[in-house]
Amino acid sequence: MGAEVSSVVDLAGDLAGRYRRTESSGGTVDPAVAQADLDAVLRDGYVILADLLTPEELAEIRREVRPLLDRTGRNNFEGHATQRVYSLLNKTRSCDRVVAHPRVLALLDRLLMPNYLLSMIQAINITPGEAAQMLHTDDGFYPLPRPRKALSAATIWAVDDFTAENGATDIVLGSHAWGNRLPADTDERVPVVMPAGSCVFFLGTLWHGGGANHSPAPRLALTAQYCEPWLRPQEAFTLSTPHDIVRAVSEDIRRMLGYSIHPPFIGQVNGMHPKRLLKTDVPEDD
């Protein structure tokens, strides 16, 4: 990170030399569309983004992910009749489109600080007979009191159709704006019904949980979660993801895995930009 610092003000900017901050592909989304999505999220805590994946993309995801579904959950939260696959980026490239879809990044660009991070990417397959998951928020483990701005956001992608019978994600309407109150039995769980290829995008402060599967078939989904660049993600991707995979993914994903700098120098490695770890020909002062 060889840029010269001449004043305290400079510390608020990008100090990287060779590896300056890259722009998000969310900038390719029509600003009017992105603004409408944002308005819905800020008002309701969530928005359904319909039909973002093609039938061909869905078929590839099913083909690549279903063979990985070899174990069920270890506790009530994971679900004893729910199959989960963590670290998907290490196992298949079929889910890259989900992690860095421009429509999703356009929202994240407006909600979080630049160089926000990927916090988690996993597959969730709710099999028949699974009970409803406990309601929870995705950024509740960050110890800052509510009400407050969300510190994270998440997507849940329907690989199979989401219905009220097969375990569609339940949300509690308006709960993103709550203070420290917890859901009560009188708070209605509303299922997010949407066709395969769609996703629900919601704030980390929204109370939600997987629904019960009363149908005869499993319900497969992917979830990608994101957080502010100054927070610790749920998964330490810089440790879990081999460098050859980091080199293979898109620049958007690479940045969200932590190969980026949050000004002035959060995320540096030995005083240098983390991208230096991916190359052998970068000068020592970059």
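Every read-out reported here was derived from the displayed coordinates using simple, explicitly stated rules and does not represent laboratory data. Everything numeric here is computed off the predicted structure, so don't read it as measured data. As a convention, Cβ positions derive from the backbone with ideal geometry for all residues, glycine included, and neighbour counts pool all protein chains shown.
The long axis of helix 102-111 is offset from the longest Cα principal axis of the chain by roughly 70 degrees.
Under a 5 Å amide H cut-off, with hydrogens placed 1.01 Å from N, THR169 pairs with VAL192, GLY211 among residues at least 5 apart or on other chains. Counting other Cβ atoms within 10 Å as a rough exposure proxy, the listed residues SER87, SER152 run SER87, SER152 from fewest neighbours to most.
Run through segment 233-275 and list the chymotrypsin sites (Phe, Trp or Tyr not before Pro) located in a DSSP loop whose Cβ has at most 16 other Cβ atoms within 10 Å.
Details: sites: PHE237, TYR259, PHE265; in loops: TYR259, PHE265.
Qualifying residues, ordered by number: PHE265.
I'd like the FRET efficiency for HIS243 and TYR142, computed as 1/(1 + (r/R0)^6) with the beta carbon distance as r and R0 of 45 Å, rounded to 0.05. Don't skip to the answer; put the middle values down first.
On the way: r = 29 Å, r/R0 = 0.64.
E(calc), rounded to 0.05, equals 0.95.
Counting only trypsin sites (Lys or Arg not before Pro) that DSSP places in a loop and that have at most 15 other Cβ atoms within 10 Å, the longest clean stretch of the chain runs over 182-278.
Mind checking the angle between helix 31-44 and the chain's longest principal axis? C-alpha axes, 0 to 90 degrees, to the nearest 10. Tilt relative to the chain: about 60 degrees.
Please state the shape class of segment 134-286: rounded when a/c is under 1.5, otherwise prolate if a/b exceeds b/c and oblate if not, all from the C-alpha gyration tensor.
Working: a/c = 3.62, a/b = 1.72, b/c = 2.10.
Note, shape of segment 134-286 comes out oblate.
Could you please report the charge total around TYR116, scoring K, R as +1 and D, E as -1 over all other residues with beta-carbon less than 10 angstrom from its beta-carbon?
Overall, the nearby charge balance is -1.
Phi angles of segment 233-241 translate, via the Karplus equation with coefficients 6.51, -1.76, 1.60 and θ = phi - 60°, into HN-Hα couplings of x, 5, 10, 7, 5, 5, 9, 8, 9 Hz per residue; Gly and Pro are given as x. Summarising the label geometry, the points placed 7 Å from Cα in the beta-carbon direction at ALA36 and LYS91 lie 3.6 nm from one another. The GluC sites (Glu not before Pro) of segment 193-286 that meet both conditions, a loop assignment by DSSP and at most 16 other Cβ atoms within 10 Å of the site Cβ, are GLU284. Each of SER215, SER250 has some number of other Cβ atoms within 10 Å of its Cβ, and from fewest to most they run SER250, SER215. In plain terms, the residue of ILE266, ILE253, ILE261 with the fewest other Cβ atoms within 10 Å comes first and the most crowded comes last, giving ILE266, ILE253, ILE261. Go through [x] 0.94; [y] 0.98; [z] 1.06 and flag the label whose value is the computed Rg/Rh (Cα atoms, Kirkwood Rh) for this structure. Correct label is [y]. In this structure, the amide hydrogen of PHE162, modeled 1.01 Å from its nitrogen in the peptide plane, lies closer than 5 angstrom to those of MET194, ALA196, counting only residues at least 5 positions away or on a different chain. Taking 0.36 nm per residue of separation and subtracting the current Cα-Cα distance, fully stretching the chain between HIS214 and GLU78 would add 47.2 nm.
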